[in-house]
Amino acid sequence: MKSVIDILDLSVEELDGLIKTAMDIANHPDDYAQKCKGKKLATLFFEPSTRTRLSFEAAMYELGGNVIGFSEANSSSASKGESVADTAKVISCYADIIAMRHPKEGAPYVAAINASIPVINAGDGGHHHPTQTLADLLTIYREKGRLGGLTIGLVGDLKYGRTVHSLIAALSRYEGNKFVLVSPNELKVPDYVKKDVGDAAQFIETTDLMEYMDKFDILYMTRIQRERFTDRDEYERLKDSYILTTDKLVPAKKDMCILHPLPRVNEISVKVDDDSRACYFKQALNGKLMRMALIMHLLGHNDGQRFKGTTGEGGHKCHNPSCITSTEQELEHIHKKGQDGVYRCIYCDQPSVGLNSTSNSK
C-alpha cells in the first residue's frame with residue numbers, strides 16, 4: 001500500500017504520470033466521472049482549511065466517490081483525547097482513503113503507519129504539504145511547459161512555510177533549477193531543507209525582493225503565518241515584510257508566473273490580480289485536478305500491505321514542541337541519520353540534541 005506523506009514519496013516518474021493524468025482530466029472530465037464510484041474519502045482536518053479540504057472533497061465527488069470526515073478537531077474524538085493512531089485505525093474501517101491535516105508535525109505519518117488504507121498528508125504544521133506542491137507543479141508545467149531550467153523566487157515565510165519546503169524538494173529533482181530565497185533572517189529556510197537537496201539545485205539567499213526580480217521565471221509568494229508563531233510581537237514585526245505591488249513587477253519578465261498557496265492576506269496587492277502573470281487562482285483548479293489524479297493513483301496501489309515506517313535509532317527525545325511526539329506520549333522517539341550526517345526526528349525532521357554530538361555520531 002502506498003501513502004503520500006512527503007512529496008519525495010512520489011518518484012519523478014510518478015509526478016510526471018500524475019501531471020499527464022491531470023491534464024487528461026482537464027480535457028476529458030466525463031471520462032473520469034465514475035472512476036471512484038463506490039469509494040469513500042475520509043477528510044480528517046484537525047485544523048481549519050478552506051481550499052485544501054474543499055478541493056479534496058470536490059476531487060472525490062467529481063470522480064464519482066463519496067466523502068466523510070470532519071473539518072475541525074473539536075468535531076472529532078481528538079477532543080476527548082483519542083490518539084492519531086487510534087483515529088486512523090477506526091477510520092480505516094469506514095473509508096477507502098484518508099486525507100489528513102493536523103497542526104502537529106508528523107501526525108499524518110503516524111496515521112499512515114497505523115491505517116490499513118492509503119493516507120495523504122494534507123498539511124502537518126510547518127512541515128510538509130505535498131498536494132499543494134502537486135498543484136504548484138501542474139501550474140508551472142501548464143504555464144511554462146517545463147519543470148527544469150527555471151529560476152524560482154521563494155518569498156516570505158520560508159521557515160514555517162511547508163509549501164516552500166515541499167516545492168524545493170520536488171523541483172530539485174528536475175535539472176537546472178535555481179532557487180532565490182527571499183526572507184527576513186528570522187524566517188530563512190531551515191538548513192536541513194537545503195542540505196537534503198545537496199548539489200541538485202543552486203540556492204541564493206537575500207532579504208531584498210527586488211534584487212533578482214528581473215531574473216525570476218517563477219515568483220512564489222507566501223503569507224507570514226500568524227498561527228506558526230508563539231511570540232505575537234515577533235509576528236507583528238515581520239508580517240508585512242514583503243508586499244508585491246504592480247510597481248514592483250515593472251522589471252519582471254513578461255512571462256513570469258506568480259504563485260501563492262493561499263490564503264492571501266496583504267502580501268499581494270489585489271491590483272496584481274489583473275496582471276496576466278498572476279496564476280494563484282489557477283493553482284486552485286490545478287490542485288483539484290492533481291488531487292483527482294493522486295486519489296486514483298493511490299487507490300490503484302492499495303494491496304492491503306501496511307505503509308512501512310522509517311527505521312532509525314531510539315532512546316533520544318525530540319524537543320520540538322510542534323512534533324506529534326509532544327502530545328502522543330506513547331510514540332517511540334526515533335531519529336534517522338541523514339545524508340549530511342545529522343540525526344533527525346522521523347516525525348518532524350528536527351535535529352536530535354544527543355545523537356549529533358561527535359561522540360554519538362556514526
Checklist outcome for this item: Distance in Å, no decimals, from the C-alpha centre of the stretch 319-338 to the one of the stretch 175-226 is 28 Å
Item to check | Rounded accessible area per residue of the stretch 181-227, 1.4 Å, Å² | outcome: 47 Å²
Item to check | Carbon + sulfur, % of accessible area of the chain - ligands and nucleic acids excluded, 1.4 Å | outcome: 46 percent
Next on the checklist: If I take the Cα coordinates of the stretch 148-229 and project them onto the principal axes, what are the three extents in Å, biggest first?
Outcome noted: 35, 28, 16
Checklist entry - Could you give the length gained on full extension between Asp30 and Phe281, defined as 0.36 nm per residue of separation minus the Cα-Cα distance, in nm? => result 88.0 nm
Checklist entry - Could you list, bin by bin from short to long, the percent of Cα-Cα pairs of the stretch 63-179 in 10 Å steps? => result 12, 37, 28, 18, 5, 0
Checklist entry - What is the magnitude of the charge dipole of the stretch 135-185 about its Cα centre, with +1 placed on the Cβ of each Lys and Arg, -1 on the Cβ of each Asp and Glu, and no other charges, expressed in debye to the nearest 20? => result 60 debye
Checklist entry - What helices does the chain have that are whole DSSP H segments, at least 15 Å long along their own axis by Cα, and with mean Kyte-Doolittle hydropathy of -0.5 or more? => result 12-27, 130-144, 280-299
Checklist outcome for this item: Computed over the stretch 294-338, protein heavy atoms only, probe 1.4 angstrom, the accessible area per residue in square angstrom equals 61 Å²
Checklist outcome for this item: the chain, convex hull of Cα, quarter of hull surface, nm² -> 18.0 nm²
Checklist entry - 222 nm [θ] for the chain, helices only, -39500 (n - 2.57) per DSSP H run of 4+, per residue, to 500? => result -8500 deg cm²/dmol
Item to check | Residues His319 and Ile243, FRET efficiency given R0 of 45 Å [Cβ-Cβ distance, rounded to 0.05] | outcome: 0.80
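What are the semi-axes of the equivalent ellipsoid of the stretch 1-95, taken as the square roots of 5 times the eigenvalues of the Cα gyration tensor, listed largest first and rounded to whole Å?
Over the Cα atoms of the stretch 1-95, the ellipsoid semi-axes are 27, 17, 13 Å.
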Item to check | Full-extension gain in nm, Lys254 to Glu330, via 0.36 nm per residue minus C-alpha separation | outcome: 21.9 nm
Checklist entry - Cα gyration tensor of the stretch 244-334, axes a ≥ b ≥ c as square roots of the eigenvalues: rounded (a/c below 1.5), prolate (a/b > b/c) or oblate? => result oblate
Checklist entry - Taking the Cα centre of the chain as origin and charging only Cβ (+1 Lys, Arg; -1 Asp, Glu), how large is the dipole, in debye to the nearest 20? => result 400 debye
Item to check | Most fluctuating residue given options Lys271, Lys104, Lys35, as computed from a GNM of the chain linking Cα atoms under 10 Å | outcome: Lys271
Checklist entry - Which part of the stretch 137-169 falls in the paramagnetic zone of Ala200, meaning amide N under 12 Å from the point 7 Å along Cα-to-beta-carbon? => result 166-169
Item to check | Centre separation in Å (Cα based) which lies between the stretch 79-103 and the stretch 247-297 | outcome: 32 Å
Item to check | Label-point separation in nm, Ser116 to Glu14, each point 7 Å along Cα→Cβ | outcome: 2.2 nm
Checklist entry - Considering only the other residues whose Cβ falls under 13 Å of the Cβ of Gly198, what net charge follows from Lys and Arg at +1 and Asp and Glu at -1? => result -1
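The values are calculated or read from the model by the stated rules, or taken from the named source; none is laboratory data. Predicted model, so just to flag it, every value in this text is computed and none were measured. Note: ideal-geometry Cβ built from the backbone for every residue, glycine included; neighbour counts use all protein chains shown. Surface accessibility is based on the protein's heavy atoms, side chains included, excluding ligands, DNA and RNA. Shrake-Rupley method; radii C 1.70, N 1.55, O 1.52, S 1.80 Å.
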